[in-house]
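The values are calculated or read from the model by the stated rules, or taken from the named source; none is laboratory data. Because the structure is predicted, anything quoted here is derived from the model rather than measured. Backbone-built Cβ (ideal geometry, glycine too); neighbour counts: all protein chains shown.
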Amino acid sequence: MRSASEYFEYFLQPGEFQFSDDPDVRMRTLLGSCVAMTMWHPQRRFGAMCHYMLPTRGSRRTPELDGRFGDEAYLMFLKESVRLGTDPNDYEIKLFGGGDMFPTVNKTGKSAIGQQNVTAGLGILALHGQPVKASHVGGEGHRIVMFDLWDGSVWVKHQPKTEQAR
């Protein structure tokens with residue numbers, strides 16, 4: 001494990017997208033019902049992370065892409081990978097989050113937003129023919145996610161809702 005002085009750390013807030021071509025970077029975020037997608041290029045050792053809040057913006061589209069929405073965050077990744085002259089299919093994709101933060105409240109029969117976010121992320125990747133190398137999604141509670149660009153490792157600490165109540 002590297003010491004903190006050996007890398008630069010980005011903390012992603014909800015709705016943020018970060019792409020770096022510097023392998024000495026760690027990206028980190030905190031997720032509840034939101035989803036983080038990590039994309040890592042093993043040969044060039046750079047990549048991206050997004051922290052999206054909702055599956056899509058729907059019909060309220062604008063020309064500018066917005067990382068708050070899963071479909072647009074993925075398009076931001078495609079745009080950056082092409083800008084750097086890389087093939088999006090050469091990246092390892094991992095998906096995290098989508099926890100149900102209020103399981104006792106959601107009695108409508110409709111999927112909780114966390115599950116909607118997970119379904120959207122998996123659907124976007126399937127549509128583009130990109131396999132998910134690893135995931136830790138759904139369930140209850142929040143997750144802390146750390147992504148190291150120097151080796152592609154993703155570390156997840158899951159705090160289930162039952163443990164949060166103690």
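So which residues in segment 7-17 are of a type in the set (Asp, Glu) and assigned to a strand (DSSP E or B), if there are any at all? Spell out how you get there, then give the answer.
The initial filter retains those residues of segment 7-17 that are of a type in the set (Asp, Glu), namely 9, 16.
If the condition is that a residue be of a type in the set (Asp, Glu) and assigned to a strand (DSSP E or B), then Glu9 is the only one that fits.
Taking the criterion of being at pLDDT 95 or above, more than 17 Å from the chain's Cα centre (by Cα) and basic (Lys, Arg), no residue of segment 151-166 qualifies.
Here Glu9 does not qualify as over 19 Å from Gly123 (Cα atoms), surrounded by fewer than 23 Cβ atoms within 10 Å (Cβ to Cβ), of a type in the set (D, E, K, R) and within 12 Å of the chain's Cα centre (by Cα).
Looking only at segment 38-50, which residues are closer than 17 Å to Ala134 by Cα and surrounded by fewer than 20 Cβ atoms within 10 Å (Cβ to Cβ)? Residue satisfying the conditions is Pro42 alone.
Taking (1) at pLDDT 95 or above; (2) at negative phi; (3) not hydrophobic (A, V, I, L, M, F, W, C) in turn, Gly98 satisfies each apart from (2). Scanning segment 138-159 for residues that are out of contact with any Lys or Arg (no Cβ under 8 Å at 6 or more places or on another chain), farther than 22 Å from Ser3 by Cα and in a strand (DSSP E or B) yields a single hit, His142. Here the condition is being basic (Lys, Arg) and touching a residue at least 60 places away in the same chain (Cβ under 8 Å); of Arg68, Arg28, Arg60, it holds for Arg28 alone. Under the condition of being in a strand (DSSP E or B) and buried (at least 23 other Cβ atoms within 10 Å of the Cβ), the residues counted in segment 18-37 number 6.
Kindly provide the set of residues from segment 82-95 that are within 16 Å of the chain's Cα centre (by Cα) and either aromatic (Phe, Trp, Tyr) or in a helix (DSSP H, G or I) (or both), ordered by number.
Taking segment 82-95 as the starting set, the residues that turn out to be within 16 Å of the chain's Cα centre (by Cα) are 88, 91-95.
Result: Pro88, Tyr91.
Tell me, please, whether a residue that is assigned to a loop (DSSP other than H, G, I, E, B) and at pLDDT 95 or above can be found in segment 103-113. Full working, then the answer.
Initial filter on segment 103-113 (assigned to a loop (DSSP other than H, G, I, E, B)): 103-112.
Next cut, at pLDDT 95 or above only: none.
No, that holds for no residue.
Applying a threshold of 7 Å to beta carbon distances and a minimum spacing of six or more residues, or different chains, the list of pairs starting in segment 140-163 at a residue that is at positive phi and ending at one that is part of a strand (DSSP E or B) and surrounded by fewer than 19 Cβ atoms within 10 Å (Cβ to Cβ) reads Gly141/His158; Gly141/Gln159; Gly152/Glu92. Selection of first residues in segment 1-25 that are without any contact (Cβ under 8 Å) to a residue 60 or more places away in the chain and of second residues that are in a loop (DSSP other than H, G, I, E, B) and of a type in the set (Lys, Arg), restricted to Cβ pairs under 6 Å at least 6 apart or on distinct chains, gives the following pairs, ordered by first then second residue: Gly15/Arg68.
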